[in-house]
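What follows is one structure encoded as structure tokens, with my remarks underneath.
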Amino acid sequence: MTKERGVPQEEIREAIGELPDVQSCKIEFGKGNSISAVHILSRTKRSPKQIVRDIESVLQARFGIAIDHRKVSVAQLPARATPVAEPAPAKAVRPRLVSVSLSIGGGRGSCGVVLERGGFEVAGEATGVAIGAGTLRLIANATFRALEKIVSEEVAFDLLDVVRLKAGDRDTLLVLANYVSTGDVRGLAGCVQYEGNEQEAVVHATLDACNRIVEMLPQTEQTEYEISPFEDE
């Protein structure tokens, strides 16, 4: 005997719909508000027998309704695949200045610039006239030589000029250059406002001119060399 009479149909639907893995349910009621059929759409995480037992239990416990398991049909859909989060795009790594050194004598000079990118350090060197703005060009050229080593593709940077400017009351350096690769020549410009160390400011202005290009180029793989103790000195 059942006690379906007087039980709200919608309340029964809600109770069954709250069961685990039940996606939707349709209940057919017969005369006297009795349940004649229950149709369930579910996922495949749990077996149809488990779902039927859950329905029998909730109807009996909450509504005092005993239902023949043969009145319950279960159709199952494939289980939803767990979405795999796509890896975040790698953040572009720009070179940074490690050190700059300058040696001048007799109107000529040599400059060394060390850059770091992704834990990989490279050094660039340049020599030439070191009078007036020639000193600034030496530093910019040394920076370009380091940049050419830090990327794995055949590229070249051709310095056009380094210009001192005044922007308001701030000292400013402007670096103009060409970027040259196979079938591609682009004009570059970078600037930086600075106080104090003009040598480092030249490097930063040079990097500012090249950063958008360099961050798109693959980095040279670092190679470690080991000298054998048996090699001739």
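The values are calculated or read from the model by the stated rules, or taken from the named source; none is laboratory data. Bear in mind the structure is a predicted one, so any value in this text is a computation, not a measurement. Here the Cβ positions follow ideal geometry from the backbone for every residue, glycine too, while neighbour counts run over all protein chains shown.
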Worksheet, complete the sentence: By residue number, the members of segment 11-34 that are of a type outside the set (V, I, T) and part of a helix (DSSP H, G or I) are E11, R13, E14, A15, G17, K31, G32, N33
Fill in: Answer residue from segment 151-189, given it is touching a residue at least 40 places away in the same chain (Cβ under 8 Å) and assigned to a strand (DSSP E or B) and is nearest to G118 (Cα to Cα) among those
V151
Worksheet item: Just checking, which of A61, A90, A66 is modelled with pLDDT under 70 and among the hydrophobic types (A, V, I, L, M, F, W, C)?
Response: A90
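Within segment 152-159, identify whether any single residue is surrounded by fewer than 17 Cβ atoms within 10 Å (Cβ to Cβ), over 16 Å from L97 (Cβ atoms) and touching a strand residue (DSSP E or B) at 6+ places or on another chain (Cβ under 6 Å), and answer yes or no.
Scanning segment 152-159, I find at least one residue that is surrounded by fewer than 17 Cβ atoms within 10 Å (Cβ to Cβ), over 16 Å from L97 (Cβ atoms) and touching a strand residue (DSSP E or B) at 6+ places or on another chain (Cβ under 6 Å), so the answer is yes.
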Discussion item. Criterion first (surrounded by 10 or more Cβ atoms within 10 Å (Cβ to Cβ), closer than 17 Å to V93 by Cβ and either at pLDDT 85 or above or aromatic (F, W, Y) (or both)) does D208 satisfy it?
Written reply: yes
Discussion item. Can you find a residue that is assigned to a strand (DSSP E or B), touching a Ser or Thr at 6+ places or on another chain (Cβ under 8 Å), of a type in the set (V, I, T) and under 22 Å from E215 (Cβ atoms) anywhere in segment 124-143?
Written reply: no
Worksheet item: So which of Y194, Y225 is modelled with pLDDT under 95 and either basic (K, R) or surrounded by 11 or more Cβ atoms within 10 Å (Cβ to Cβ) (or both)?
Response: Y194
Worksheet item: Hey, A126 hits all of (1) under 15 Å from T143 (Cα atoms); (2) modelled with pLDDT under 95; (3) among the small types (G, A, S) but one; which does it fall short on?
Response: (2)
